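What follows is a single structure, written as structure tokens, with notes after it.
The values are calculated or read from the model by the stated rules, or taken from the named source; none is laboratory data. None of these values were measured; they are calculated from a predicted model. A quick note on method: Cβ atoms are made from the backbone with ideal geometry, for glycine too, and the neighbour counts reach across all protein chains shown. The accessibility values were calculated without ligands, DNA or RNA, using every heavy atom of the protein model including side chains. Shrake-Rupley method; radii C 1.70, N 1.55, O 1.52, S 1.80 Å.
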Amino acid sequence: MLITGKTRVCGIIGNPVEHSLSPVMHNAAFAELGIDCVYVPFRVLPESLKDAVHGLRSQGVLGFNVTFPHKIEIIKHMQKLNQTARQIGAVNTVLNAKGDLVGYNTDGIGAVEALRQNGVDLPNAGFTILGAGGAARAIVFTLAETTSRIQVLNRTFEKAKKLKREVKRKLRRDIMVLPLTKKCLTQALSTTNVLVNTTSVGANADPKGSFLDELGLDRRMTVFDIVYGQSESMLLQKARQQGCRTIGGIEMLLHQGASAFEIWTGRRAPIETMRRALASHQVKQAKDNAW
Ligand code: ATR
């Protein structure tokens, strides 16, 4: 593409950002719709966050995504927060509204849309969420709008209890929380239709000795692992072998990205173009790795 003085800038800030696939899908989307904008990854260390945000704002960027480790810290640099970001307490998308930075969170919408697009009956399914960190919070707050059957299991039980209190206070909804032990997991899975893993356990390394070892999956379950890597996660491999419907983290990446794109441009995101760009990038990466 031709970059001129008129080209707008969009991007992602985080550390690390070099493996982010967001530039691939957003640049494909801008090209498809003929929008003169380029999406760039910016590696930003925690101590440089304030300066980086100031720089992006004064450059007049269209907006940007925020990833690890800045999703909470970025809040203090926002002029406004939308309701979802405020409830979740984290921001992954920023719109530059004529110099006012407005924080959004599209992670929950991305996950829920990935589930919907993969045929999950959202209002009637029973969900078990593993983890209670930032991503889990986004998913729980969004899911709780449509379903009342949510169980959250976390290694640090206090964090899950805090999430339960916040959901009650902010949404007036109730969720069930349990510690992430084998016994509780077995109990939770007995009433689960959809298992969502938000922890990084089993993403790449061999997760021997983790809760995945003896996970009792039923083939009628849908298993969604939000972490994406270069190969299928251990959890998804196991779920596929058991005959479960599986959803990979790329689906969440795609839908949270589509939602961010719509916030920045006010245009409907060309989802199929974005999906194809991600798929062909992954094929290319796999070929490069094979060499
Ligand atoms: P993210 O923004 O991706 O959700 P995070 O906020 O750091 O990242 O949350 C990571 C989640 O993975 C947490 O729920 C964490 O559990 P703790 O709250 O007990 O730390 C969970 N997690 C990470 N490593 C884990 C492990 N080895 N076993 C179980 N849970 C793990």
The number of residues in segment 41-82 that are closer than 11 Å to Gly103 by Cβ, without any contact (Cβ under 8 Å) to a residue 24 or more places away in the chain and out of contact with any Asp or Glu (no Cβ under 7 Å at 6 or more places or on another chain) is 3
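Yes or no, residue by residue, for (1) aliphatic (A, V, I, L, M); (2) open to solvent by less than 80 Å² (accessible area, probe 1.4 Å); (3) within 16 Å of the ligand (Cβ to nearest atom); (4) outside the structural domain of Ser22 (by TED's automatic domain parsing):
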| residue | (1), (2), (3), (4) |
| --- | --- |
| Arg173 | no, no, no, yes |
| Leu185 | yes, yes, yes, yes |
| Ser190 | no, no, no, yes |
| Val196 | yes, yes, yes, yes |
| Phe211 | no, yes, yes, yes |
| Leu217 | yes, yes, no, yes |
| Val223 | yes, yes, no, yes |
| Glu232 | no, yes, no, yes |
| Ala239 | yes, yes, no, yes |
Scanning segment 124-150 residue by residue, the ones that are of a type in the set (S, T, N, Q) and either within 9 Å of the ligand (Cβ to nearest atom) or open to solvent by less than 20 Å² (accessible area, probe 1.4 Å) (or both) total 2
Those residues of segment 145-180 which are under 18 Å from Phe211 (Cβ atoms) and touching a strand residue (DSSP E or B) at 6+ places or on another chain (Cβ under 8 Å) amount to Gln151, Val152, Leu153, Asn154, Arg155, Phe157, Ala160, Met176, Val177, Leu178, Pro179, Leu180
Of the residues in segment 80-133, those that are over 29 Å from Asp218 (Cβ atoms) and not in a loop (DSSP other than H, G, I, E, B) number 18
Exactly one of Lys183, Lys164 is modelled with pLDDT under 95 and either at positive phi or assigned to a helix (DSSP H, G or I) (or both), and that one is Lys183
Selection over segment 41-69 where residues are within 19 Å of the chain's Cα centre (by Cα) and open to solvent by less than 70 Å² (accessible area, probe 1.4 Å) yields a count of 8
Exercise. Is segment 212-227 home to any residue that is out of contact with any strand residue (DSSP E or B) (no Cβ under 7 Å at 6 or more places or on another chain) and among the polar types (S, T, N, Q)?
Worked result: no
